[in-house]
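Read through the structure below, which is laid out as C-alpha cells, and then see the notes.
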Amino acid sequence: MFFHIVLERNMQLHPRYFGRNLRDNLVSKLMKDVEGTCSGRHGFVVAVTGIENIGKGLIRDGTGFVTFPVKYQCVVFRPFKGEILEAVVTMVNKMGFFAEAGPVQIFVSNHLIPDDMEFQSGDIPNYTTSDGSVKIQKDSEVRLKIIGTRVDATEIFCIGTIKDDFLGVINDPTTV
Amino acid sequence: MSFATDSPSPLHSSSSDDFATFLDTALDSNSPSHQDEIQNQDDDDDDDDNAQSVRIKRHKVESIEETEASTSEGTVKQNLVVAEESVEVDVCSHPGSFGNMCIRCGQKLDGESGVTLSYIHKDLRLHDQEISRLRSTDMKDLLRHKKLNLVLDLDHTLLNSTMLMDLNSEEGHLTTETDSLEDVSKGSLFKLHHIHMMTKLRPFVRTFLKEASKMFEMYIYTMGDRPYALEMAKLLDPGGEYFNSKVISRDDGTQKHQKGLDVLLGQESAVLILDDTENAWMKHKDNLILMERYNFFASSCRQFGFNCKSLAELKSDESEPDGALAKILEVLKQVHSRFFDELQEDLAGRDVRQVLKTVRSEVLSGCVLVFSRIVHSALPSLRKMSQQMGAICLTELDPSVTHVVATDVGTEKSRWAVKEGKFLVHPRWIEATNYFWEKQPEENFIVKKKE
Ligand SMILES: [Mg+2]
Ligand SMILES: [Zn+2]
C-alpha cells in the first residue's frame, strides 16, 4: 500500500553548502539520503514530495557542521499481510517463483500455486495448467496475496500466494 | 488480534497520525521485534506529542474492545473461532523459509535450520523433507522428459582461466587474439578486464552443451566464487538456455573444499558429474566422470606441477573432434540411452550410477594385464582403474595375458611380452583409456628404451 505521510529527519550539513542555495542543498541531500531506503515501520520511501518545515539550525561544537530538523512529505510503500499486489515474475523454478513489485521481493512457493498448475522445466521454465490455458513464466504479471512480510534496511521480502479466487496471471508475456 | 481490518481504511488517511496508529496496531500484532528506524536521531518535542497522542488512541481502542468482549457473547464466540483457525495454521510443517518467513504459511521463523539454496536466492532455505519431496517430483518430471541431471565443473573441465598478470612472455600473443565480448557465442578466448582474467573455452564445448542439454538438466558447480561463476556462465551460455538459476559456486556449498549434491534438487540416482578433481567429490565418486585436465595457460600447467609447455605457448589446442569433451559426450549418450532404452526395471528404480559402472566395465573387457616394475605408489590406483574398466589383473605371467604394463623394456616381463607378441604398453595407456572411456591404440603408448 502507498501512503503519503510526513516524516522528520535531522540533517547535518557541511558549512560549504551554506549561503543562498542552502535550502536547495538541504532538499537535494534529503532526497539522496532517504529515497530508496526502507524502515521497518514506514516501509520503502518512494519519493519526497514536499518540505513542510525546516527548523533552526544547530551548530555542532568542534566540527562546524549544522544540524537542521527537516519535516518533509513523502510517498512510502509498505506491503501488508492480506494485501493484494500486482507483481512481475523474475524467476521460475521447481520450488515456486520469485516476483517483484517495485522494491519488494516476493516468493510464491509451489505450495501456494494452485494444484492444477504444474512445473515445466526447459529453456523457459514455467507453471502451466494441464490444458495449457494459463502459464506463469519470467516476465508474466501476476496478482497475488501477501501472507508474510519482512522489512529490512534496504530490502522488503514477502511471501505470497496465488491459491485463491481472482489471483494469478493477469498478463502473459507470450501473448503481447 | 484482528484490529487491522477494523480500523478506518488507511488508503484514505491523509494525516500521518492515522497512519502511525494503523501501523502500530498492525505491527504489534505481527512483529513487535521490528523497531529498526532510520530516523532515530529525532528527539523533538513535537515528536513526543505525536507519540503521546498515538498512545492515547491505542489505549482508547483497547478499552473499547475490552468492553465489547465482556458485554457481547457474539464477540467471545468470534474470538474462539479465530483461535481454532490459528491452531490449524500452526500445523504447517514450515517446509522452508524466505527471508526468515515460512514459504507456506508466511509465519516468522527463528533459527537457521535447513539447507540454504543461495544459488537460487540468498535468503531461501529449505528443510530436508522439502528437498526430498522436491527431488522426487523433480525425478518424475525429468524421467517424463527422458532427462537426467548433469553437474559440470568449470575450471579445467569446460574451460581454463588465468589472471592476466600470470600470462608469460610466450603467451603475450594471446592478448591481440581475444574474441569480442559483443557476441560471445562466436568466440572462445576472452579477456575479462573487470575481473583481470583471460578465459579460454575448451574446444567443442558449445556443441557439447547443446547436445548434452537434450539429455540432461545441467548445473554448473565450481570451487570459484559466485561472481566468477556467473561471469563464466555468461560466456558458456550467453542465451541463458542451459544454466538458468543452476549455477552453484563455492559460496553456496555446505562444506569447505568439498562439493556436495545436497544443494542439488535432483536425486542422486539420476545425477552425473563431470569434474577434473576427484577429491572434490569424496561422497559421490560413483556419479563422477573424471575429466582429463584442460590446461591451456602456462599458469595452470605450473599449478599442477607440469614442467611442459602450455598449449598457449605452443600456439596449439586440444582437438575439436577428438578432444575430451567430444569423447565424453559419446559416453554420456551411451549412458543416457542405456538408462532409458535398455534397462528393464521400473523407471523410478533405475540408477544411473549402476549404468555408469557397467559402461565403464566394458572399456577393457577381455584384456588381461600384468604390471612390471611400476612405482609402488602408483600401482594400486592403476590396478583399480583397470579393474573398474573390466580388465583382469594378474601378478604372474600366463598365456592368457594380453598386455604387459611397464615403463622399462628391459624387465623380464617386458622381454617376455616382446617375445610372445603381446602388447607392451606404458601406464599412460591405462590413464588415457580411463579418461576417454575407450581402449586407446596401444601403438601410441610404446615403452621406450631407457637411455
Ligand atoms: Mg576443476
Ligand atoms: Zn509454515
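Here's the yes/no breakdown for (1) touching a strand residue (DSSP E or B) at 6+ places or on another chain (Cβ under 9 Å); (2) within 13 Å of another protein chain (Cβ to nearest Cβ); (3) over 21 Å from B:Gly106 (Cβ atoms):
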| site | (1), (2), (3) |
| --- | --- |
| A:Asp123 | no, yes, yes |
| A:Thr128 | yes, yes, yes |
| A:Ile136 | yes, no, no |
| A:Val142 | yes, no, no |
| A:Lys145 | yes, yes, no |
| A:Cys158 | yes, yes, no |
| A:Phe166 | yes, no, no |
| A:Pro173 | yes, no, yes |
key: the range A:1-52, subset hydrophobic (A, V, I, L, M, F, W, C), at the interface with chain B (Cβ under 8 Å from one of its Cβ atoms) and outside any strand (DSSP E or B), residue farthest from A:Glu86 (Cα to Cα)   = A:Val34
key: Those residues of the range B:135-187 which are assigned to a strand (DSSP E or B) and over 30 Å from B:His336 (Cα atoms), in sequence order   = B:Ser161, B:Thr162, B:Met163
note = If we keep only residues of the range B:109-122 that are of a type outside the set (A, V, I, L, M, F, W, C) and touching a strand residue (DSSP E or B) at 6+ places or on another chain (Cβ under 6 Å), then the residue nearest to ligand 1 (Cβ to nearest atom) is B:Tyr119
task = For B:Ile120, state whether it is near ligand 2 (Cβ under 8 Å from one of its atoms), within 25 Å of the chain's Cα centre (by Cα), β-branched (Val, Ile, Thr) and within 11 Å of another protein chain (Cβ to nearest Cβ).
result = no
request  = Evaluate the following for B:Ser245: is it under 29 Å from B:Phe340 (Cβ atoms) and touching a residue at least 60 places away in the same chain (Cβ under 8 Å)?
outcome  = yes
Selection within the range B:295-323 - touching a Ser or Thr at 6+ places or on another chain (Cβ under 7 Å) and touching a residue at least 60 places away in the same chain (Cβ under 8 Å) = B:Asn295, B:Phe296, B:Phe297, B:Ala298, B:Ser299, B:Ser300
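We did not get these values from a lab; they are worked out from the coordinates using the rules stated. Note that this is a predicted model, so its numbers are computed, not measured. Cβ atoms come from the backbone with ideal geometry, glycine included; neighbour counts cover every protein chain shown.
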